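Engineer: Take this structure first; my questions come after.
The values are calculated or read from the model by the stated rules, or taken from the named source; none is laboratory data. Everything quoted here is computed from the prediction, not taken from an experiment. Reconstructed Cβ throughout: ideal geometry from the backbone, glycine too, with neighbour counts over all protein chains shown.
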Amino acid sequence: MSRPAGNSPTRILGLDPGLTHTGWGLIESAGSHLRFVAAGAISTSSGEELSRRLVEIHNGLSHLIGEWTPDEAAVEHTYVNKNPAAALKLGQARGVALLVPALAGLPVAEYQAMEVKRAVVGTGHADKVQVQDMVKRLLPGAVLKRADAADALAIAICHAHHRGTKNLLARLVQV
């Protein structure tokens, strides 16, 4: 699906990496206006080999980027897990989530979970329900079938806010 050239909004792909479910959310940002485009999750089976699951995440993300043509991507940092083996596997899924958009030539930003919550809800200690409620308010019409997709949309919203501030500061410095 291609978009017309010119003064089009920036399309941002938010990614919430996970080995079982990698959430994705796509929004368009034009100034302070945000618009929901699509969201979902790439799911893998825990019975498959790790390498196969990583390939599924890679292929799913590659397909999404080809279909939806985002301009930028944003990925959430993983939290420190008490189980080292689980943390390592999650880190590998996160590596794929960083790699695929980078290979497609997209700029990729990274945000801590508290930073995402602060940008979307106003506090870094918000719970998942608060984040989902704010995502629905900020993106009217958003379809949130999975918590992973809602988290991915929150990451995209966070990036939209941060990039807007960064662009404003850059313009002020040029003046």
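Engineer: Sort through T78, T22 and tell me the only one that's β-branched (V, I, T) and within 27 Å of P140 (Cβ to Cβ). Don't jump to the end; show me each part of the working.
Structural biologist: Values: T78 fails: within 27 Å of P140 (Cβ to Cβ).
The conditions single out T22.
Engineer: So which of A160, A74 is at pLDDT 95 or above, in a helix (DSSP H, G or I) and surrounded by 15 or more Cβ atoms within 10 Å (Cβ to Cβ)? It would help to see each step written out before you state the result.
Structural biologist: On the way: A74 fails: in a helix (DSSP H, G or I).
Result: A160 is the single residue among A160, A74 that is at pLDDT 95 or above, in a helix (DSSP H, G or I) and surrounded by 15 or more Cβ atoms within 10 Å (Cβ to Cβ).
Engineer: In the stretch 104-157, how many are part of a loop (DSSP other than H, G, I, E, B), over 17 Å from P17 (Cβ atoms) and in contact with a strand residue (DSSP E or B) (Cβ under 9 Å, 6 or more places away or on another chain)?
Structural biologist: Looking only at that region, the number is 8.
Results for (1) over 17 Å from the mean Cα position of the chain (by Cα); (2) of a type in the set (K, R); (3) crowded, with 17+ Cβ neighbours inside 10 Å; (4) within 20 Å of A160 (Cα to Cα), shown as yes or no for each residue.
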{"position": "T20", "(1), (2), (3), (4)": "no, no, no, no"}
{"position": "L26", "(1), (2), (3), (4)": "no, no, yes, yes"}
{"position": "L34", "(1), (2), (3), (4)": "no, no, yes, yes"}
{"position": "V37", "(1), (2), (3), (4)": "no, no, yes, yes"}
{"position": "A86", "(1), (2), (3), (4)": "yes, no, no, no"}
{"position": "A113", "(1), (2), (3), (4)": "no, no, yes, yes"}
{"position": "R118", "(1), (2), (3), (4)": "no, yes, yes, yes"}
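Engineer: Another question about this same structure. From the set of residues in the stretch 120-148 that are of a type in the set (V, I, T) and within 16 Å of A39 (Cα to Cα), which is surrounded by the fewest Cβ atoms within 10 Å (Cβ to Cβ)?
Structural biologist: Within the stretch 120-148, the first condition is being of a type in the set (V, I, T), and the residues that meet it are 120-121, 123, 129, 131, 135, 143.
Still in the running and within 16 Å of A39 (Cα to Cα): 131, 135, 143.
Numbers: V131: 21, V135: 26, V143: 13.
Among those that are of a type in the set (V, I, T) and within 16 Å of A39 (Cα to Cα), it is V143.
Engineer: Which residue pairs have Cβ atoms under 7 Å apart, sit 6 or more places apart or on different chains, and have a first residue in the stretch 88-104 that is closer than 16 Å to I155 by Cβ and acidic (D, E) and a second that is modelled with pLDDT under 95 and surrounded by 15 or more Cβ atoms within 10 Å (Cβ to Cβ)?
Structural biologist: No pair meets every condition.
Engineer: Could you grab me the full set of residues in the stretch 9-65 that are in contact (Cβ under 8 Å) with a residue 24 or more places away in the chain and in a helix (DSSP H, G or I)?
Structural biologist: Result: L50, R53, L54, I57, H58, G60, L61, S62, L64, I65.
Engineer: Looking for whichever is farther than 19 Å from G14 by Cβ and among the hydrophobic types (A, V, I, L, M, F, W, C) here; the options are L34, L50, L64. Which one fits? Walk me through it before giving the result.
Structural biologist: Details: L34 fails: farther than 19 Å from G14 by Cβ; L64 fails: farther than 19 Å from G14 by Cβ.
Selected residue: L50, the only one of L34, L50, L64 that is farther than 19 Å from G14 by Cβ and among the hydrophobic types (A, V, I, L, M, F, W, C).
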